[in-house]
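Here's the structure, in structure tokens; my notes come after.
The values are calculated or read from the model by the stated rules, or taken from the named source; none is laboratory data. Just so it is clear, the structure is predicted and the values come from calculations on it, not from any experiment. So basically every Cβ, Gly included, is an ideal-geometry build from the backbone, and we count neighbours across all protein chains shown.
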Ligand code: DC
């Protein structure tokens, strides 16, 4: 079974995807973490964000590996390092480089081959898994998404002096870049279930998805 989950930043995709993966006992793949890891490598190497050729060259040689909840870049554990405001602020730039997308989409499709998986990202239903058994598009009001991100960073003591207003502005900027880039922008596929999570708890969203997945296909068409 393949499940695609897309949506803007802070809509709850990774939390919900992890919950669904656990309930269905399938693999979860956080594709955003892969774009973040490449961005971390770009920053560490001092590569300029305008230098698409250098970014593309690095993406071809970077080695990304997952071990449980941890992500490794070129052998180094970068699980926490890819969640800093600096990496968050620049990942949209790196993710808009066509060659980076080519490399990562290929890697994601390879991981999905022959595996029951739920993947979250921006282009999963449209590009990575166009034939997914189920497609979901999670959304929420930008103020709610900013609050969730703020609380998450605060709990991790990773706010770096950012206010709630700063985070909302960052999210709006990222939404714009992710949905207006030329290659594989964020879209809600026609065949996706669109769910507004603004007023829903994690458990409610998770149960809603599981209900859709468990419903026989012929009932779904009614
Ligand atoms: O889901 P996230 O916030 O960790 O994603 C980080 C960035 O990566 C986000 O700005 C969009 C980009 N991204 C993407 O372009 N395509 C994906 N499949 C996943 C993430």
message = Just to be sure I understand, how many residues within the range 105-148 are within 12 Å of the ligand (Cβ to nearest atom), surrounded by 23 or more Cβ atoms within 10 Å (Cβ to Cβ) and within 13 Å of the chain's Cα centre (by Cα)?
response = 9
request  = Please specify each residue of the range 57-99 satisfying the condition of being more than 27 Å from residue 146 (Cα to Cα), in contact with a helix residue (DSSP H, G or I) (Cβ under 7 Å, 6 or more places away or on another chain), within 15 Å of the ligand (Cβ to nearest atom) and part of a helix (DSSP H, G or I).
outcome  = 59, 99
message = Looking at the range 100-123 only, could you name the residues that are within 16 Å of residue 186 (Cβ to Cβ), in contact with a helix residue (DSSP H, G or I) (Cβ under 7 Å, 6 or more places away or on another chain) and not in a helix (DSSP H, G or I)?
response = 119, 120, 121, 122
ask   = Could you say whether any residue in the range 184-206 is part of a helix (DSSP H, G or I), surrounded by 14 or more Cβ atoms within 10 Å (Cβ to Cβ) and touching a strand residue (DSSP E or B) at 6+ places or on another chain (Cβ under 8 Å)?
value = yes
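Quick one: is residue 116 more than 22 Å from residue 176 (Cβ to Cβ) and touching a residue at least 24 places away in the same chain (Cβ under 8 Å)? Give the derivation first.
Working: more than 22 Å from residue 176 (Cβ to Cβ): yes; touching a residue at least 24 places away in the same chain (Cβ under 8 Å): yes.
Yes: the conditions hold for residue 116.
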inquiry  = Return the pair list, or none, for Cβ contacts closer than 6 Å from residues in the range 20-37 that are on the phi < 0 side of the Ramachandran plot and modelled with pLDDT of 95 or more to residues that are within 16 Å of the ligand (Cβ to nearest atom) and assigned to a loop (DSSP other than H, G, I, E, B), at least 6 apart or on different chains.
reply    = 37/78
inquiry  = Residues that are out of contact with any helix residue (DSSP H, G or I) (no Cβ under 6 Å at 6 or more places or on another chain), outside any loop (DSSP other than H, G, I, E, B) and loosely packed, with under 13 Cβ neighbours inside 10 Å: does the range 155-165 have at least one?
reply    = yes
message = Give all pairs with beta carbons closer than 7 Å in which a residue from the range 170-196 that is over 18 Å from residue 132 (Cβ atoms) and in contact (Cβ under 8 Å) with a residue 24 or more places away in the chain meets a residue that is more than 12 Å from the ligand (Cβ to nearest atom) and not in a loop (DSSP other than H, G, I, E, B); count only pairs at least 6 apart in sequence or on separate chains.
response = 171/142; 171/146; 172/142; 196/139
remark   = Per the list (1) under 22 Å from residue 180 (Cβ atoms); (2) away from the ligand (no atom under 15 Å from the Cβ), residue check on residue 26 breaks on (1)
key: Selection within the range 157-181 - away from the ligand (no atom under 14 Å from the Cβ) and under 21 Å from residue 79 (Cβ atoms)   = 157, 159, 160, 162
